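K.L.:
The structure's right below; bear with me while I get my questions together.
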Amino acid sequence: MGVPQFCTMAAGMAVTIELQNTGDSVARAEVVAVIEHVLCDRHGDWRVSIFGTRASEHWNLKIEGPAGFERSYSLDVAAGEHRPDAIRKLLLKLLPAL
């Protein structure tokens, strides 16, 4: 469950995705697919981590990328921010423009 997923999108570019305590495997697969899709045109190495806790209704999202890029955000599960479409929209807002 806490094993990072690695994928290579293009030569010289890697995306590492780590999800922990985020629910069932079907939802996890959808979230991974959304993250990969959002980052597929980005250059450099990217790391996205999403950690849920059993103690709260929030997931912690952290994005790390080239040139020291780093963003963090708290996803409110009760507000639906854990859904793949909401995560996609958030990533597009947090990432630098292409």
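K.L.:
Counting only residues that are within 12 Å of Glu18 (Cβ to Cβ) and touching a Phe, Trp or Tyr at 6+ places or on another chain (Cβ under 8 Å), which one in the stretch 30-51 is surrounded by the most Cβ atoms within 10 Å (Cβ to Cβ)?
P.N.:
Out of the qualifying residues, it is Ile50.
K.L.:
State all residues of the stretch 81-94 that are surrounded by 15 or more Cβ atoms within 10 Å (Cβ to Cβ), of a type outside the set (Lys, Arg) and out of contact with any Leu (no Cβ under 9 Å at 6 or more places or on another chain); if no residue qualifies, say none.
P.N.:
Hit for the stretch 81-94 is Pro84, nothing else.
K.L.:
What number goes with the only condition from (1) free of Cβ contacts under 8 Å to residues at least 24 places away in the same chain; (2) over 15 Å from Leu19 (Cα atoms); (3) not acidic (Asp, Glu) that Asn60 does not pass?
P.N.:
Of (1) free of Cβ contacts under 8 Å to residues at least 24 places away in the same chain; (2) over 15 Å from Leu19 (Cα atoms); (3) not acidic (Asp, Glu), only one is false for Asn60: (2).
K.L.:
Among the candidates Ala67, Ala78, Ala97, single out the residue that is surrounded by fewer than 16 Cβ atoms within 10 Å (Cβ to Cβ) and without any contact (Cβ under 8 Å) to a residue 12 or more places away in the chain.
P.N.:
Ala97
Read-outs throughout are calculated quantities, based only on the coordinates presented, and are distinct from any laboratory measurement. If you're wondering where the values come from, they're calculated on a predicted model, not measured in any experiment. Note that we place each Cβ from the backbone using ideal geometry, even for glycine, and neighbour counts take in every protein chain shown.
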